[in-house]
1. Pulled fully out, how much extra length does the chain show between K58 and D15, if you take 0.36 nm times their separation in residues and subtract their Cα-Cα distance?
2. Quick one: order L52, L157 by neighbouring beta-carbon count within 10 Å, fewest to most.
3. Which shape class, rounded, prolate or oblate, goes with the chain when its Cα gyration tensor gives a ≥ b ≥ c as root eigenvalues, a/c under 1.5 marks rounded, and past that a/b bigger than b/c marks prolate?
4. Which one of A126, A178, A301 has the biggest mean-square fluctuation once the chain is modelled by GNM with Cα springs under 10 Å?
5. Report the label-to-label distance for R313 and K216 in nanometres (one decimal), using points 7 Å from each Cα along the Cα→Cβ vector.
6. For the cross-link pairs K150/K189; K58/K276; K189/K245; K58/K84, which exceed 18 Å when the distance is taken from alpha carbon to alpha carbon?
7. What length, rounded to one decimal in nm, is gained on full extension from E89 through to N238, with 0.36 nm per residue of separation minus their alpha-carbon distance?
8. Could you tell me the relative contact order of segment 165-213? Use alpha-carbon pairs under 8 Å, at least six residues apart, and round to a whole percent.
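Throughout, read-outs are computed from the coordinates displayed, never taken from laboratory work. It should be emphasised that the depicted structure is a prediction, and the values quoted were computed from it without experimental measurement. A quick note on method: Cβ atoms are made from the backbone with ideal geometry, for glycine too, and the neighbour counts reach across all protein chains shown.
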Amino acid sequence: MIRTLLKDVPPGTIDGPILFHEHLSIRYPLTKALADAQGRPVPVSFSDDVDLMVAETKAAGADGVRCIVDGGHPDMDRDLAALKRIAAESGVHIVASGGFYMQRNYPAEIATRSADQIADELARDARAQRLGAFGEIGQQGGVLTDDERKVFTAVALAQARTGLPVFTHNAYTGVRAANPPVPMDAALKQLDVLEAGGADVKHVAIGHVCCLDDPKAEIARQLAKRGVFVGFDRVGINAIIPDEKRVAMILAFLEAGLVDHLLLSSDFANGRSLKKNGGPGIGLTVTAFAPMLAKAGVSDATLRHILVDNPRRFLAVVPI
Ligand SMILES: [Zn+2]
Ligand SMILES: [Zn+2]
């Protein structure tokens, strides 16, 4: 079953693209808690207007999208009631997620709790709130802080206890310089921690790998060979790295026979990209990026495998 907010859904009945990392309810980068701590006013977010998000999600449905995984949780001001409304009124399945984002967003109690205690809390919340994934689980800089390492371990434990899939966030900056630079192997280090915590690699997606300028997709290939999904989940964000480079990396990845390990999404978090504002909308992975892959020679059958079959397998769990 895929655990959506409204009901458990047999994966085979979701007969169209699934976007595994988007944001339909988020305040970023300045959340309420961070604004309060800094004595600044709470900024407006594009997703505050839930009617608008219903309309935009419905439009993504018209573009062919059948299911969207929201990558937020409370420390990103994700509003579960808003997601439920969007799911009920848009006709698009919504999977909500649990977890913690990155060091600067952590509530104070992360510092004093053990990984085991955090895992218990994550598993309990997931059951109580019908969460269908843990994500996005992130790190602020190129190297995990002690607290971030603890959260990654806790999420691995919670994955093993619930079966729910996990997806991650890292700090890769693509063609832009970072100071200090983000190590190329940051994604591999995340997997090291998740594996050590007992996570099932078949339900792990290491995210933002498309934000690493790695023309031959060497890091992506190393990840896939360890059994995980590789998230090319910031498609359309050309300011980090142009989509043409993402297409070239995907071709190298597919050439290596790793099609079963690829997931696509756009990490939608920018009001300017809404259809209302003249942007491509939440379905841009399907309407704008997939056609680039098709033009580069990727067949319709392969595209369907990447957009439909792979995320079904990633999300499908035995209900708990
Ligand atoms: Zn992210
Ligand atoms: Zn995200």
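1. 13.9 nm
2. L52, L157
3. Rounded.
4. Of A126, A178, A301, the most mobile in the Gaussian network model is A301.
5. Between R313 and K216, the simple spin-label model gives 2.6 nm.
6. K189/K245
7. Details: separation 149, 0.36 × 149 = 53.64 nm, distance 3.14 nm.
My answer for the length gained is 50.5 nm.
8. Numbers: 43 pairs, mean separation 31.9, N = 49.
Reported as a whole number, the value is 65 percent.
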